[in-house]
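S.K.: To start, I am sharing the structure in question, which I have written as structure tokens.
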Amino acid sequence: MKTKLLSLLMFAFISWSVNAQTQLWGTSFNGGVNSQGTIFTADASGNNFHTVYNFVNATGAMPVGRMCLANNGALYGCTDLGGFGDSCVCYRYDITTGTFTNIHDLFQNTALGWENWSGMMSASDGNLYGLCAMGGANGGGALFKIDITNGDTYTDIFNFTAVNGADPYGELVQLSDGKLYGMTMAGGANNVGVIFSFDPATSTYTKLYVFDPTTGGSPKYGKLLQGADGKLYGLTSTGGANAYGVIFSFDLNTGNYSDLYDFDGTHGSAPLGSLVQAANGMLYGMTQTGGSNGLGVVFGFNLATNGYSDLLDFNGTNGSSPQRSLTVSSTGMLFGTTNAGGASGQGVAFSYDVNTNTYTKLADFSSTTTGANPDCDVIEGPGPATVGIASLSTSSISIFPNPAANFINVTNSNKDEVISFTDVLGRELATIKTAALTKTTVDISEYPAVFFARTNSGTVQKIVRK
């Protein structure tokens, strides 16, 4: 008994405590120590924007698009320059250690795809998927996969053509049917792009709709949004009645496309990113140009009435020329960046409260501080972890092995504890109760690659599933 209790105490002594508070993350295209861009972060409310990584040309420079939080807890993204041939890399940034890794040089073999402009998305199979606007076997771009469980291996899995759609600059989204959906900027019968689906299980590509410039064409950096009504919604950067782009819907059940709103310049023009849907059911987005100052707008769209509202006109001081999309945070607040404007003329980060229609400038980007000219979406993710030894007085719990394959053992050396398992965003996976001097085996085969065990005593342990 003494030996068993001593072992339990030793396991408790070596338990790791990790702080995984939610934060905001993004990248700047320029600026930073090397003038080649930065990774920045701030707290969940948008305070304390600061740089955590400065890009270096040798391993990737001038990041673009949305970083992706993978289920191994790391951030993944792409750069426009740097690496082999000074042209495009895919990278991984470890939030816990601050380690940056160039995982693939796209320019090293352009026949597999080249020029990713919008990053990647994490799919239900654990892989990352993204789009290259150029290269590929046919020169029209490629759809690729990164296997994060197999050394971040890059694979070109589909090649675009002028017929089936070409030059995909935007992002993919996965729906409940497991398929990936996206858009191209060119190709198709009218050479202004298509809407497509790709089934990763069968490698089947389907062209769903061919854009017509009279009702919208050439969607750029954005992705499709599946609304609460099940329809897909999106933005085109050109086309429509005024040639300034449109808001559209696409019904997957019927194949019907509807031009819902034609941008008119006065109230915004040339939206380059995506739509988001807030808890109030409204769609929100930004345009790069137009509005009362010609510098872009934040807009809302009411699906119930097809009513468009120009909510904020960028004026330079509060930002200008947003390139990307808004993000709906877990608190319901909208966050975004502009590529220019602000105190230094190098862009701003901002929030928009949909309940009060209040715009707040959170940070002015500057080459010497957080970097300059953000060309990104802001995302939510865990904060940089602080790792240390949990004291015996703090926790009676130990968890082993770690890393683990399909099962972990939870031992309790002292008192009853309730343990909740959460993913990297704090979403609960399961809760168990353990009694003193007991061992509980937990099946983690369906858990993400990185998750956390949180006790009611206040300690947190990071667990890696191998």
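S.K.: Using Cα-Cα distances under 8 Å and only pairs 6 or more residues apart, what relative contact order does the chain have, in percent?
M.R.: Over the chain, the number comes to 14 percent.
S.K.: On full extension of the chain, what length is gained from Asp43 through Lys415, given 0.36 nm per residue of separation minus the C-alpha to C-alpha distance?
M.R.: 130.5 nm
S.K.: Segment 226-245 to segment 35-67: how many Å between their Cα centroids?
M.R.: Their Cα centres are 30 Å away from one another.
S.K.: A further question follows. Using only Cα atoms, find the angle between the long axis of helix 2-13 and the longest principal axis of the chain, and express it within 0 to 90 degrees, rounded to the nearest 10.
M.R.: Taking the Cα atoms of the chain, the angle to 2-13 is about 30 degrees.
S.K.: Under a point spin-label approximation (7 Å from Cα along Cα-to-Cβ), what is the Ser176-Asn357 distance to one decimal in nm?
M.R.: Computed distance between label sites Ser176 and Asn357 equals 3.4 nm.
S.K.: Want the number for Thr254 to Ala137: 0.36 nm per residue separation, take away the alpha-carbon distance, what's left?
M.R.: Using 0.36 nm per residue and subtracting the Cα-Cα distance, I get 38.9 nm.
S.K.: How far is it, in nm, from the label point at Ala435 to the one at Asn293 when both lie 7 Å from their Cα along the line to the Cβ?
M.R.: That separation, rounded to one decimal, is 6.7 nm.
S.K.: How big is the gap, in Å, between the Cα center of segment 305-383 and the Cα center of segment 80-150?
M.R.: 26
S.K.: For each pair in Lys145/Lys433; Lys361/Lys462; Lys179/Lys466; Lys439/Lys462; Lys231/Lys466, compute the distance between the two Cα atoms and list the pairs where it is over 29 Å.
M.R.: Lys145/Lys433; Lys361/Lys462; Lys231/Lys466, as the Cα separations exceed 29 Å there.
S.K.: What order do you get for Thr215, Thr153 when you list them from fewest to most C-beta neighbours inside 10 Å?
M.R.: By the 10 Å Cβ count, ascending: Thr153, Thr215.
S.K.: Let me ask another. If you wrap a convex hull around the C-alpha atoms of the chain and split its volume per residue, what is the figure in Å³?
M.R.: 143
S.K.: By average Cβ neighbour count within 10 Å, what is the ranking of 371-378, 139-146 from highest down?
M.R.: Sorting 371-378, 139-146 by mean packing, highest first, produces 371-378, 139-146.
S.K.: What does the charge add up to near Leu175, with Lys and Arg as +1, Asp and Glu as -1, over the other residues with Cβ less than 15 Å from its Cβ?
M.R.: After counting each charged neighbour, the total is -3.
S.K.: ³J(HN,Hα) across segment 348-363 via Karplus (A = 6.51, B = -1.76, C = 1.60, θ = phi - 60°), whole Hz, x for Gly/Pro?
M.R.: Once θ is set to phi - 60°, the couplings for segment 348-363 become 9, 10, 8, 10, 9, 8, 6, 6, 10, 6, 10, 9, 10, 7, 9, 7 Hz.
S.K.: Each residue of segment 230-244 in order: what ³J(HN,Hα) in whole Hz does its phi give by Karplus 6.51 cos²θ - 1.76 cosθ + 1.60, θ = phi - 60°, with x for Gly and Pro?
M.R.: x, 6, 8, 10, x, 10, 10, 7, 9, x, x, 4, 10, 6, 9
Every number here is computed from the coordinates shown, using simple stated rules; none is lab data. Quick caveat, the model's predicted, so the values are computed rather than measured. Glycine gets a Cβ as well: all are built from the backbone with ideal geometry, and neighbour counts include every protein chain shown.
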